[in-house]
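S.K.: Have a look at this one before I ask anything.
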Amino acid sequence: MKKLTVFTLILCLFVTMLAICGCDKESEQADKSVILAQQTWTEASVMADLLKIIIQEKTDIPLKSVDLESEIIQWQAMQQKEVDIWPTYISTLYTSVLKDTGLREPDKVYEYVNKELPAKYDMICSKCFGFSDEYGLAATSQVAEKYDLHTFSDLAKVAGELVLVSDINFMDRPDGFPLIKEKYEMDFKEVKNIGINVKYQALKAGEADIVACYITDAKIDELGLVLLEDDQNAMIPSEGLVLLRGEIGEKYPELEEAINSLAGQISTKEMRNMNYQVEVERKESKDVARDFLKSKGLI
């Protein structure tokens with residue numbers, strides 16, 4: 001019995017040591033994981049899922065994600081090497097990380113950002129995914145038909161007769177309405193500043209004629225709104241892309257290659273449709289992302 005007891009004790013100790021070593025290896029593996037920053041609102045979730053799936057399908061890189069609900073916090077986390085991949089927009093990098101120099105042509109804005117960020121911060125810009133999500137203006141179909149509205153210039157001529165519903169961010173942000181007002185000299189009969197989640201309800205209820213929006217908002221399709229063209233390019237281009245820490249890009253060249261497989265693959269209409277599937281049709285973001293990638297032959 002004593003021999004059996006000693007043997008059992010040794011066996012238990014051996015198993016325990018294996019478990020500890022296994023935990024250490026798992027911890028070490030987790031420490032080596034590439035960290036992706038994400039937010040929980042619809043489009044951010046879709047972008048994050050597209051990236052997670054494409055990276056997992058095309059590489060063996062250990063990957064995990066962390067929710068950081070602020071662009072400022074995400075940028076700080078990138079600088080402090082707490083996250084490695086930041087799905088974002090060229091306008092955010094251009095105006096919040098760098099400085100608006102007055103450029104408005106998408107190619108020139110990207111060229112500027114892609115030159116400055118590697119030099120100043122050792123960060124790598126992916127290629128743009130194709131869709132853009134800048135601020136825009138949309139009219140109800142009835143108002144668009146009545147006033148023959150197709151562009152911001154068309155709207156500027158009759159804005160004095162119409163009511164705009166907006167959120168306070170759009171009216172105050174330097175990359176929002178101030179740019180439109182300056183470029184088109186546009187003044188509305190009335191501007192209603194309300195919560196970002198209820199502005200479409202006000203439009204639907206007939207309390208406004210025009211809504212300030214992001215041009216990939218699902219509500220545009222759900223309510224059958226007419227998205228007006230920024231024909232004089234007042235707004236700052238806001239194409240989706242990824243910022244990658246240079247150190248990680250050098251360590252995992254296949255990571256940048258996987259991310260860039262999304263380059264030019266997502267149109268603004270397609271992104272708006274993915275948002276629609278999640279918000280209106282109540283599909284899971286990861287399922288919508290996977291279906292999209294399959295439809296493009298990317299996975």
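S.K.: Please enumerate the residues belonging to the range 147-158 that are surrounded by 13 or more Cβ atoms within 10 Å (Cβ to Cβ) and without any contact (Cβ under 8 Å) to a residue 40 or more places away in the chain. Walk me through how you get there before you give the answer.
M.R.: Applying the first criterion (surrounded by 13 or more Cβ atoms within 10 Å (Cβ to Cβ)) to the range 147-158 yields 147, 149-158.
Within the range 147-158, Tyr147, Ala156, Lys157, Val158 qualify.
S.K.: Separate question: From the list Gly240, Gly264, Gly249, which residue is at positive phi and touching a residue at least 24 places away in the same chain (Cβ under 8 Å)? I'd like the intermediate steps shown before the answer.
M.R.: Details: Gly240 fails: at positive phi; Gly249 fails: at positive phi.
Going through Gly240, Gly264, Gly249 in turn, just one is at positive phi and touching a residue at least 24 places away in the same chain (Cβ under 8 Å): Gly264.
S.K.: Tell me, please, whether a residue that is at pLDDT below 90 and either surrounded by 11 or more Cβ atoms within 10 Å (Cβ to Cβ) or within 17 Å of Leu255 (Cα to Cα) (or both) can be found in the range 35-43.
M.R.: Filtering the range 35-43 down to residues at pLDDT below 90 leaves none.
No - not one qualifying residue is present in the range 35-43.
S.K.: So which residues in the range 225-284 are within 26 Å of Met78 (Cα to Cα), of a type in the set (D, E, K, R) and assigned to a helix (DSSP H, G or I), if there are any at all? If you could, list the steps in order and put the result at the bottom.
M.R.: Pass one, the range 225-284, residues within 26 Å of Met78 (Cα to Cα): 236-266, 271.
Those still in the list that are of a type in the set (D, E, K, R) too: 239, 245, 247, 250-251, 254, 256-257.
Within the range 225-284, Glu247, Glu250, Lys251, Glu254, Glu256, Glu257 meet the criteria.
S.K.: Which members of the range 173-197 meet the condition of being within 21 Å of the chain's Cα centre (by Cα) and either under 16 Å from Ala139 (Cβ atoms) or not basic (Lys, Arg) (or both)? Walk me through how you get there before you give the answer.
M.R.: Of the residues in the range 173-197, the ones within 21 Å of the chain's Cα centre (by Cα) are 173-177, 195-197.
Scanning the range 173-197 gives Pro174, Asp175, Gly176, Phe177, Gly195, Ile196, Asn197.
S.K.: Residue under question is Leu117, and the condition is that it be part of a helix (DSSP H, G or I), closer than 30 Å to Lys283 by Cβ and touching a residue at least 60 places away in the same chain (Cβ under 8 Å); does it hold? Explain how you work it out, then say what you get.
M.R.: Values: part of a helix (DSSP H, G or I): yes; closer than 30 Å to Lys283 by Cβ: no; touching a residue at least 60 places away in the same chain (Cβ under 8 Å): yes.
Criteria not met by Leu117.
S.K.: Search the range 135-166 for residues being in contact with an Asp or Glu (Cβ under 8 Å, 6 or more places away or on another chain) and charged (D, E, K, R), and hand back the single one that is nearest to Tyr110 (Cα to Cα).
M.R.: Asp154
S.K.: Still on this structure, I have one more. State which residue is nearest to Ala44 (Cα to Cα) when the search covers only the range 285-299 and only residues that are without any contact (Cβ under 8 Å) to a residue 40 or more places away in the chain and assigned to a loop (DSSP other than H, G, I, E, B). It would help to see each step written out before you state the result.
M.R.: Filtering the range 285-299 down to residues without any contact (Cβ under 8 Å) to a residue 40 or more places away in the chain leaves 287, 291, 294-297.
Filter again for assigned to a loop (DSSP other than H, G, I, E, B), leaving 296-297.
Details: Lys296: 20, Gly297: 22 Å.
Looking at the filtered set, the residue picked out is Lys296.
S.K.: Need the failing condition index for Cys128 against (1) touching a residue at least 12 places away in the same chain (Cβ under 8 Å); (2) under 16 Å from Gly240 (Cβ atoms); (3) part of a helix (DSSP H, G or I), just the number.
M.R.: Condition (3) is where Cys128 drops out.
The values are calculated or read from the model by the stated rules, or taken from the named source; none is laboratory data. The structure presented is a predicted model; accordingly, all values stated were derived computationally and were not measured. Every residue, glycine among them, receives a Cβ derived from its backbone with ideal geometry; neighbour counts consider all protein chains shown.
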